[in-house]
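Comments concern the structure below.
The values are calculated or read from the model by the stated rules, or taken from the named source; none is laboratory data. Model, not experiment: these values are computed from the prediction. Ideal geometry is used to build each Cβ from the backbone, glycine not excepted, and the neighbour counts take in all protein chains shown.
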């Protein structure tokens, strides 16, 4: 009782005065008393009549009468609203004062009612006693309720025992992926054991507690209509009476303030600084137009929506308090004007309305489609039309564009850009994306009836950041959450969204294994050397280096902010460098088709950089485009030494950071690729080493020194590779094994026609002998099999000496 009484006369009085002040301020702002008083004699909606240049008494008096009437109408309406507003303000003051007196004496009244109730009960007056008990309970209900709310602790203030006893604890367990019905009673003694059993780290459990309580407080705050923030969401009367009509503009635009009024500010988490920057620029007297730059999905529109919400609620700097932020649909406007064949006059009608209104901030989405070199359906260059409006003090414009649109369409027009202040909107980091997802899971849970667990949410943010780079955060994480929820709701009977659901969806999207390694995959990874050796003869160092890198990547041990593996294969032609790349593509990505090959001899000039990463004029880059289309692939850079040095410098960023910046400033993700560069550089030096009985594999440093001394590759470039692998020349025994592999491939094709090919050692040796060239290594061997062996088989099929069901043995002299 003492604690309540102490709060009642300290915190209670402070809270009451705060609520009292909130309602007085609400009525003052809702009826726009200050604004209407300042603009009392202003024209009604800026409705002004202007006379022509020639002076005529009739026109003069008619214009004067109209303008005076406009002011009188405005003054009358404003006065009525001001008086009504003052009435409610005074009423709030009086009622507040009366309730304040009641509040001061409320404990005395409650105690008095209870004393009277006991006295009457002793005198056997049950009805009278019960009546006073009801009066006391009714009088104490609201104050006691406010006391309980004020006494609530934040998660950081709660003890472990208080959290365990909280009504929210069951939800906390479920967010951790723990079913309260299964684990039984949890107390301070066994909570750590339960978390360890379910692989929940203590740090993650604390994050879950914060998440659950944050959601609870958010819902609670939304229900408190008396708070200043909630009362401010009601837009006041007469805010636009001092500004002009926008009848035609409203047909082609959406008021973002009204659209977002009262909505939760979920996607605005972490955007306070961006909104503040935009608010300051728009509040300037001059140079107050904004060009907002960022990739679609990074939150450009949400930042503007957040500012529009603040403007609507009046929680902005004074110059913006009575602004309207309208998103104009220029495509629809152009289309409607095109039908009438009078585009410029239609544009002028709408934009002049905005200027005449005096409080309009226009938002133009995909601004690059309407300026510069834009062309196509719904696109048109109206930059010359816009220029006079950009310099006007009565209208402001926010253009939304991406980096490609900026570089391609707009930078060629500096005269237009000078009117804009550039603001870049970056995608949020993983921590902020996690908070955004925690805020929005409720809408997905209502639809799918599946509860999202914290481990699953953490997996979504982590894996979408690594594997889904085509769309910025948080959009890609939200998309993965949505798709995973649909899968869990329709394809499983699980009540919780789990890590395995996310990994399943990602594996289907990427066509590579993600998540925990299964038994069959463990065997495949542990025996990867053997699998690669089924296609690659010898070259043990290369196979071992590649296999180690693949295991590190798959098991999450390797660096995740670089490509999966980067290798430089050095050695003479025809020793298996390209074949090793093909074998790896098939083993890791499931198919040779996932290998993207570039012949670097085609990129020997600096101008070829544009061919790889795109040109400012709009031509897409072959490298960046193919990686965007195939983000999970093996990139083979063949004959790397023939590329121009500036092109080699281009790959420094890729090898080091896993990203390449294209011609329009956009980052292309290479972190899910394996990069293999092959080179014949130093092949003659390797041959000389072998002739001197020096093993080039063991004496790699000598070869590295040779490459650097002869300026074939710079040290900083070579050091970027995970491994530099030397391929040595093939021995006669190796060539025979390669011949057997190629003949087996032919035998498989013949087996489809019911013909058995007998591969004899003599045949393999003959093919190896014919297919080896000192200049090209084993590369001509495929041509030998095609021109001699396959040709012989074709002739036998034609003359009838070979039929289905036969076994064919080819003698060496036959080829």
* Specify the residue that is nearest to residue 726 (Cα to Cα); the eligible residues are those in the range 541-550 that are modelled with pLDDT under 85 and in contact with a helix residue (DSSP H, G or I) (Cβ under 8 Å, 6 or more places away or on another chain). => 542
* To do: State whether one or more residues within the range 264-272 are more than 15 Å from residue 478 (Cβ to Cβ), part of a helix (DSSP H, G or I) and under 22 Å from the mean Cα position of the chain (by Cα).
  => yes
* **Given (1) surrounded by fewer than 21 Cβ atoms within 10 Å (Cβ to Cβ); (2) at pLDDT below 90; (3) in a helix (DSSP H, G or I), index of the condition residue 309 fails** => (1)
* Structure fact -> Only one of 348, 412, 332 is farther than 24 Å from residue 278 by Cα and either over 32 Å from the mean Cα position of the chain (by Cα) or at pLDDT 90 or above (or both), namely 348
* To do: Mind listing whichever residues of the range 793-812 are surrounded by 16 or more Cβ atoms within 10 Å (Cβ to Cβ) and in contact with a helix residue (DSSP H, G or I) (Cβ under 6 Å, 6 or more places away or on another chain)?
  => 802, 810
* part of a loop (DSSP other than H, G, I, E, B) and modelled with pLDDT of 90 or more: does that describe residue 234? -> no
* Structure fact -> Of the residues in the range 591-628, those that are more than 17 Å from residue 403 (Cβ to Cβ) and part of a loop (DSSP other than H, G, I, E, B) come to 591, 603, 604, 605
* Specify which of the listed residues (681, 677) is assigned by TED's automatic domain parsing to the domain that holds residue 627, part of a loop (DSSP other than H, G, I, E, B), in contact with a helix residue (DSSP H, G or I) (Cβ under 6 Å, 6 or more places away or on another chain) and at pLDDT 80 or above. => 681
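So that you can scan it fast, the table gives a plain yes or no per residue for (1) assigned by TED's automatic domain parsing to the domain that holds residue 10; (2) within 27 Å of residue 1 (Cα to Cα); (3) at pLDDT 80 or above; (4) surrounded by fewer than 17 Cβ atoms within 10 Å (Cβ to Cβ):
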{"site": "121", "(1), (2), (3), (4)": "yes, yes, yes, yes"}
{"site": "126", "(1), (2), (3), (4)": "yes, yes, yes, yes"}
{"site": "135", "(1), (2), (3), (4)": "yes, yes, yes, no"}
{"site": "147", "(1), (2), (3), (4)": "yes, yes, yes, no"}
{"site": "157", "(1), (2), (3), (4)": "no, yes, no, yes"}
{"site": "182", "(1), (2), (3), (4)": "no, no, no, yes"}
{"site": "190", "(1), (2), (3), (4)": "no, no, yes, yes"}
{"site": "197", "(1), (2), (3), (4)": "no, no, yes, yes"}
* To do: Please indicate, with yes or no, whether at least one residue in the range 556-565 is surrounded by fewer than 17 Cβ atoms within 10 Å (Cβ to Cβ), at pLDDT 85 or above and in contact with a helix residue (DSSP H, G or I) (Cβ under 9 Å, 6 or more places away or on another chain).
  => no
* Asked: Is there a residue being buried (at least 16 other Cβ atoms within 10 Å of the Cβ), part of a loop (DSSP other than H, G, I, E, B) and either in contact with a strand residue (DSSP E or B) (Cβ under 8 Å, 6 or more places away or on another chain) or assigned by TED's automatic domain parsing to the domain that holds residue 561 (or both) anywhere in the range 744-751?
  -> no
* Asked: Are any residues in the range 302-326 touching a strand residue (DSSP E or B) at 6+ places or on another chain (Cβ under 7 Å) and closer than 21 Å to residue 369 by Cβ, and if so, which ones?
  -> 304, 325, 326
* Could you check, for the range 130-139, whether at least one of its residues is more than 24 Å from residue 208 (Cα to Cα), assigned to a helix (DSSP H, G or I) and in contact (Cβ under 8 Å) with a residue 60 or more places away in the chain? => no
* To do: Can you tell me which residue among 186, 110 is within 29 Å of residue 220 (Cβ to Cβ), part of a helix (DSSP H, G or I) and either free of Cβ contacts under 8 Å to residues at least 40 places away in the same chain or within 57 Å of the chain's Cα centre (by Cα) (or both)?
  => 110
* Asked: Applying the selection to the range 533-555, what residues are surrounded by fewer than 21 Cβ atoms within 10 Å (Cβ to Cβ) and more than 39 Å from the chain's Cα centre (by Cα)?
  -> 533, 534, 535, 538, 540, 541
* Asked: For residues in the range 629-640 being modelled with pLDDT under 90 and in contact with a strand residue (DSSP E or B) (Cβ under 7 Å, 6 or more places away or on another chain), which is farthest from residue 466 (Cα to Cα)?
  -> 630
* Please work out which one of (1) in a helix (DSSP H, G or I); (2) in the same structural domain as residue 277 (by TED's automatic domain parsing); (3) within 30 Å of residue 614 (Cβ to Cβ) is the condition residue 465 fails and give its number. => (2)
* Structure fact -> Scanning the range 10-46 for residues that are modelled with pLDDT of 90 or more and not in a helix (DSSP H, G or I), the one surrounded by the fewest Cβ atoms within 10 Å (Cβ to Cβ) turns out to be 10
* **Failed criterion for residue 665 (all others in (1) more than 21 Å from the chain's Cα centre (by Cα); (2) part of a loop (DSSP other than H, G, I, E, B) hold)** => (1)
* **Test for residue 473: is it part of a loop (DSSP other than H, G, I, E, B), in contact (Cβ under 8 Å) with a residue 40 or more places away in the chain and surrounded by 17 or more Cβ atoms within 10 Å (Cβ to Cβ)** => yes
* Asked: What residue, among those in the range 700-730 that are part of a loop (DSSP other than H, G, I, E, B) and touching a strand residue (DSSP E or B) at 6+ places or on another chain (Cβ under 9 Å), is surrounded by the most Cβ atoms within 10 Å (Cβ to Cβ)?
  -> 727
* To do: Could you tell me which numbered condition residue 172 fails, if it satisfies all but one of (1) touching a helix residue (DSSP H, G or I) at 6+ places or on another chain (Cβ under 7 Å); (2) outside any helix (DSSP H, G or I)?
  => (2)
* Asked: Within the range 715-736, how many residues are over 37 Å from the mean Cα position of the chain (by Cα) and in contact (Cβ under 8 Å) with a residue 24 or more places away in the chain?
  -> 11
* Looking at this structure, is residue 513 within 23 Å of residue 297 (Cα to Cα), crowded, with 17+ Cβ neighbours inside 10 Å and out of contact with any strand residue (DSSP E or B) (no Cβ under 8 Å at 6 or more places or on another chain)? -> no
* Structure fact -> Restricted to the range 754-788 and to residues being at pLDDT 85 or above and not in a helix (DSSP H, G or I), the residue farthest from residue 804 (Cα to Cα) is 760
